[in-house]
Structure formats: C-alpha cells, structure tokens
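One structure is given here, and the rest of the page talks about it.
The values are calculated or read from the model by the stated rules, or taken from the named source; none is laboratory data. Just so you know, these numbers come straight off a predicted model, no measurement behind them. Every residue, glycine as well, gets a Cβ built from its backbone with ideal geometry; the counts of neighbours run over all protein chains shown. The accessibility values were calculated without ligands, DNA or RNA, using every heavy atom of the protein model including side chains. Shrake-Rupley method; radii C 1.70, N 1.55, O 1.52, S 1.80 Å.
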Amino acid sequence: MQVTADASRTIEIKGSPTKLLLLITCAVLLIAACVFVALQPNVALEAKIASYVGIPFFGLCLVMGLQRLMASSGTVITISPEGIRDTRVASKLIPWGDVTEICSWEHKGQKIVILAIPRNVQDTLDLTRSVRWTRSANRMLIGHDALWITSMGLQIDYKTLIDTCWNYWQAYRATGMPSGAHAAK
C-alpha cells in the first residue's frame, strides 16, 4: 500500500488475510515439530524442554493469529490528522498531541513502530488485553514505556507505516493541531 505525505486526510489500513494465513501455517508447523520432538524417546533433555515450552508458546501464537484472521476483514489501523488508532493496541484514538516520540525498533528481523506516550495517557486509552499483559515485558525489552505498532498481517509495509506515522505526527507538531484544522480557520 503506497501512502502519500498528505497528512490532512484519514487513511485506513486493512488486515492482510494472506499474511496471517502464512503465520498461522508456520505456527501449526512449529507446534507439530515440537510435539514430534517431545514424543521421541532418545532426544536430549534440552530439546525436550524446548519442545515442551514451544508447544504452548506456538499454540498461543496460533490462537492470536486465528483471532487476528477473524478480525482482519475490516480496518485495523486508522491514521488521521488527529491521531492514530490500532485496534490491536487500543480501542480509542491515540492523539498526536500525546505522542512524545516515534521511533523504530527491530528485534530478530521484526520491525516495530514505537509510540512513546506518557503512562497516565496510556491508562485512558482502553488498551487491549494482549497489550496490557505484555506492557511490563515490552518495557523491560525496549527500555521505556511505549506502545508498539507492527505492520505484520497488514496491507502495508513497515517503511510506509513508519513514514506515514512520522509525517502525520510532524504535521501535527508543526501546527499544534490536526493538519486539516488550521485550513478551516
């Protein structure tokens, strides 16, 4: 999906069922591999332990992938002059005025858009259950309290996603209001 730098319009980004099906297939194959290793009688203890840990881990990935697949038919991310909303993160719009920093973070090839938002603001956004459960681990992993947005499973590539977020945030910061609001005055 190609997005222009025009930060005065609202962009809706939908999920990509094809990408999600690929992830679901990988999760099923990894679960099968873990079960296969766990059932082998002459396998090293470390391999058995890894397989016993892998079964529930990849099982959780499978469940999350199936949930996202069911929800992928509609809009997942909305980027507007007022803010950004990712239904995988929060039910409410995250206003650009509350974003203190946007940066990129990469871990094992997975690139993520990091939105630094004060904790007291995060607490008002009605965060999804998965985000609430992983906040502490994410905070330890990246070193500060922030919300994560990924292009995984979406009809947009990572570079376009972060560039679009950056453009809209900068447009807001330049005027102190949504980019379409100053034209209406």
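The phi torsions of the stretch 27-41, fed into the Karplus equation with coefficients 6.51, -1.76 and 1.60 and a -60° offset, translate into couplings of 4, 5, 5, 5, 4, 4, 5, 5, 5, 4, 5, 4, 8, 6, x Hz, rounded to whole numbers, with Gly and Pro shown as x. Here K14 is the anchor, and the lysines within straight C-alpha reach of less than 30 Å, apart from those fewer than 8 places off in the same chain, are K92, K108, K111, K159.
With R₀ set to 35 Å, the beta-carbon distance separating N120 from L66 gives a calculated FRET efficiency near 0.55. With 0.36 nm allotted per residue and the present C-alpha distance subtracted, the T10-T87 stretch has 26.2 nm of extension available. Each residue of the stretch 16-21 is assigned a 3J(HN,Hα), and the resulting list reads 10, x, 4, 5, 5, 4 Hz, derived from the Karplus form 6.51 cos²θ - 1.76 cosθ + 1.60 (θ = phi - 60°), x at Gly and Pro. Site pair V53 and S104 shows an inter-label distance of 3.0 nm when each label is modelled 7 Å from Cα along Cα→Cβ.
With 0.36 nm allotted per residue and the present C-alpha distance subtracted, the A32-L45 stretch has 2.9 nm of extension available. Of the residues T10, T78, ranked by 1.4 Å probe accessible area with the largest first, the sequence reads T10, T78.
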